[in-house]
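The values are calculated or read from the model by the stated rules, or taken from the named source; none is laboratory data. Everything numeric in this text was worked out from a predicted model, so none of it was measured. Counting neighbours? That spans all protein chains shown, and the Cβs are built from the backbone with ideal geometry, glycine included.
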Amino acid sequence: MRAALVLVPLLCLANCGDPPNRLYGSVSQVYPLDFNTVQATRVGDQVSVEYLRMSGQTLLAKTVKVTVSIGDIQPVAGTDIDMTAPVNGLPRGTVQRVESDGTTDFPLQIGKIHFDQEPAANADITGWFRTTLADPAGRTLNGNFQTKVEAL
């Protein structure tokens, strides 16, 4: 009986992981991180993961948009990609918030993104990103994602 009382909470913990699509970090004290869905797009060597706030079929905002250049990275799957590394004089990755009244760029102090699978057209992907922002200084913004890649 005692073993059963210990086993049940352990099984609950094992099945109660993080949701597949999640945003979190201290930037939530400055900006709300609510969203309804996640979409990924690939255009050439660029992959974007967008956390969208919707009302029905209407896009209200892109709570977070993470874009990364992957053209010179092989393989992409399983690699922790440094988003602050320069590519043609610009950072490899960007993080933005897009709302009806404008776009907020979040310059990165530290940033990594990881794709568990190659982000090819029509591929199901999972992954994560972890950042420390330069502005607002020292705030963190992190996320997990699980979605299908749309090619444009």
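See the values below:
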| quantity | calculated |
| --- | --- |
| The stretch 59-105, subset out of contact with any Leu (no Cβ under 7 Å at 6 or more places or on another chain) and of a type in the set (K, R), residue farthest from N36 (Cα to Cα) | R92 |
| Filter result for E150 (part of a strand (DSSP E or B), surrounded by fewer than 17 Cβ atoms within 10 Å (Cβ to Cβ), in contact (Cβ under 8 Å) with a residue 40 or more places away in the chain and of a type outside the set (A, V, I, L, M, F, W, C)) | yes |
| Count - residues of the stretch 7-31 that are modelled with pLDDT under 95 and assigned to a helix (DSSP H, G or I) | 9 |
| Qualifying residue in the stretch 77-94 (condition: under 18 Å from Y51 (Cα atoms) and β-branched (V, I, T)) | yes |
| Filtered residue count, the stretch 34-69, keeping only those that are free of Cβ contacts under 8 Å to residues at least 60 places away in the same chain, among the aliphatic types (A, V, I, L, M) and farther than 16 Å from T103 by Cβ | 2 |
